[in-house]
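Engineer: One structure, pasted below without further comment.
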Ligand SMILES: [Zn+2]
């Protein structure tokens with residue numbers, strides 16, 4: 001079978017944590033300080049000549065700056081690239097008319113610097129495959145006589161049979177009060193044959209975390225189990241007196257692990273259902289550029305709410321879906337979600353002849369659909385050529401009666417509602 005090479009990121013915990021914590025802290029602070037120096041420099045150039053320097057210009061200005069040598073040169077480079085990317089993303093939002101978008105800020109809380117992510121590229125680390133160890137280079141300024149690198153012993157989170165090799169990049173990330181390693185590898189996988197020509201559309205939301213439309217069938221994945229979890233952890237967190245305590249940190253880690261597990265299970269189930277139905281392309285609504293034109297209020301995220309889950313979960317979910325689909329030969333494409341919740345998926349109109357009431361989308365053309373199913377079908381149609389908009393006389397009763405797949409806590413997987421319901425006492 002043909003092979004293809006893909007990129008994977010594995011998370012790992014650090015086994016010799018107490019030995020390396022101080023070093024990682026110093027590097028994380030150094031990355032924040034360099035970011036701030038870059039941010040300040042960008043501001044000065046901006047004030048003086050009216051444009052913001054890009055990452056390359058910043059590197060030229062700052063490569064002899066004292067803070068640049070706190071990190072390995074490639075790590076410093078990456079900090080300034082991130083700053084450049086943050087400016088670019090801000091211009092993009094402004095160009096799209098988002099007047100509330102702010103330029104990247106300083107990384108500072110009063111007198112404290114937060115611990116920024118440190119990226120180690122090829123020349124900045126040495127990986128020992130056999131012993132699960134990695135040496136991370138420090139900058140010139142932070143080297144001491146006895147050590148010019150941080151030696152981390154790690155243990156991968158997830159399947160334990162995995163061999164970590166062909167490492168491209170390592171990131172030290174401060175996650176809820178604890179340093180973790182994100183190890184980016186090149187992995188060779190079997191090139192899977194596409195299951196078919198079918199197209200599925202996925203609408204992501206808060207109430208129904210995902211709604212999938214297959215064109216003749218629609219499936220809802222309610223987010224209830226995840227929401228209950230969030231509620232539980234928020235409550236527990238509020239009961240701890242000290243938000244920096246070990247208990248608070250334990251709760252945060254556990255919450256993240258459970259979210260991650262939930263999203264893995266969800267993406268796995270969707271990919272497997274798609275595969276069964278001969279789907280070769282999955283279309284996902286892209287939330288990053290979303291803007292509510294009609295209300296003229298760019299902060300209004302409508303049905304997506306502003307749950308703290310929102311950005312985090314959707315980014316993670318999409319990347320999980322991406323690689324699981326890839327392994328099955330299914331392509332994932334993202335399309336803007338703009339107007340997909342307002343447009344009628346049967347007649348294609350989006351005027352004042354439609355209304356959404358209690359989760360039902362009703363159009364004068366006769367369509368009555370579950371609102372999320374209608375959205376998912378609109379997303380699906382974004383990659384279909386010349387779909388007939390024939391006034392809604394197609395058979396689309398399936399849009400009104402989506403199937404529901406629920407998370408079965410005892411089994412740790414999704415199953416049709418009927419089956420999950422039967423297990424309850
Ligand atoms: Zn219609």
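Engineer: Has segment 371-384 got any residue that is surrounded by fewer than 17 Cβ atoms within 10 Å (Cβ to Cβ), at pLDDT 90 or above and more than 10 Å from the ligand (Cβ to nearest atom)? Before the answer, list the steps.
Structural biologist: So in segment 371-384, the residues surrounded by fewer than 17 Cβ atoms within 10 Å (Cβ to Cβ) come out as 383-384.
Filter again for at pLDDT 90 or above, leaving none.
Among the residues of segment 371-384, not one is surrounded by fewer than 17 Cβ atoms within 10 Å (Cβ to Cβ), at pLDDT 90 or above and more than 10 Å from the ligand (Cβ to nearest atom), which makes the answer no.
Conditions tested, residue by residue: (1) part of a helix (DSSP H, G or I); (2) in contact (Cβ under 8 Å) with a residue 60 or more places away in the chain; (3) within 28 Å of the chain's Cα centre (by Cα); (4) surrounded by fewer than 18 Cβ atoms within 10 Å (Cβ to Cβ).
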residue: 4; (1), (2), (3), (4): no, yes, yes, yes
residue: 13; (1), (2), (3), (4): no, yes, yes, yes
residue: 18; (1), (2), (3), (4): yes, no, no, yes
residue: 22; (1), (2), (3), (4): yes, no, no, yes
residue: 27; (1), (2), (3), (4): yes, yes, yes, no
residue: 31; (1), (2), (3), (4): yes, yes, yes, no
residue: 38; (1), (2), (3), (4): yes, no, yes, no
residue: 45; (1), (2), (3), (4): yes, no, no, yes
residue: 56; (1), (2), (3), (4): yes, no, yes, yes
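Engineer: Given the conditions (1) in contact with a helix residue (DSSP H, G or I) (Cβ under 9 Å, 6 or more places away or on another chain); (2) closer than 19 Å to residue 325 by Cα; (3) surrounded by 16 or more Cβ atoms within 10 Å (Cβ to Cβ), report the number of the one that residue 187 does not fulfil.
Structural biologist: Every condition holds for residue 187 apart from (1).
Engineer: Which one is nearest to residue 399 (Cα to Cα), of the residues in segment 346-364 that are near the ligand (Cβ under 7 Å from one of its atoms) and part of a strand (DSSP E or B)?
Structural biologist: For segment 346-364, the residue satisfying everything is 363.
Engineer: Looking only at segment 316-344, which residues are within 9 Å of the ligand (Cβ to nearest atom) and either within 15 Å of residue 283 (Cα to Cα) or in contact with a strand residue (DSSP E or B) (Cβ under 7 Å, 6 or more places away or on another chain) (or both)?
Structural biologist: So in segment 316-344, the residues within 9 Å of the ligand (Cβ to nearest atom) come out as 343-344.
Matches in segment 316-344: 344 only.
Engineer: Could you give every pair whose Cβ atoms fall below 6 Å, whose first residue belongs to segment 336-356 and is under 17 Å from residue 384 (Cβ atoms), and whose second residue is at pLDDT 85 or above and within 8 Å of the ligand (Cβ to nearest atom), counting only separations of at least 6 or pairs across chains?
Structural biologist: Close Cβ pairs (under 6 Å, with a partner that is at pLDDT 85 or above and within 8 Å of the ligand (Cβ to nearest atom)) amount to 344/363; 344/367; 346/365; 346/367; 347/365.
Engineer: Please verify whether residue 105 is buried (at least 18 other Cβ atoms within 10 Å of the Cβ), modelled with pLDDT of 90 or more and out of contact with any helix residue (DSSP H, G or I) (no Cβ under 7 Å at 6 or more places or on another chain), treating the condition exactly as stated. So that I can check it myself, show each step before the final result.
Structural biologist: Numbers: buried (at least 18 other Cβ atoms within 10 Å of the Cβ): no; modelled with pLDDT of 90 or more: yes; out of contact with any helix residue (DSSP H, G or I) (no Cβ under 7 Å at 6 or more places or on another chain): yes.
Against the criterion (buried (at least 18 other Cβ atoms within 10 Å of the Cβ), modelled with pLDDT of 90 or more and out of contact with any helix residue (DSSP H, G or I) (no Cβ under 7 Å at 6 or more places or on another chain)), residue 105 does not qualify.
The values are calculated or read from the model by the stated rules, or taken from the named source; none is laboratory data. For clarity, every value in this text was computed on a predicted model and none was experimentally measured. Because the Cβ atoms are built from the backbone with ideal geometry, glycine has one as well, and the counts that use them run over all protein chains shown.
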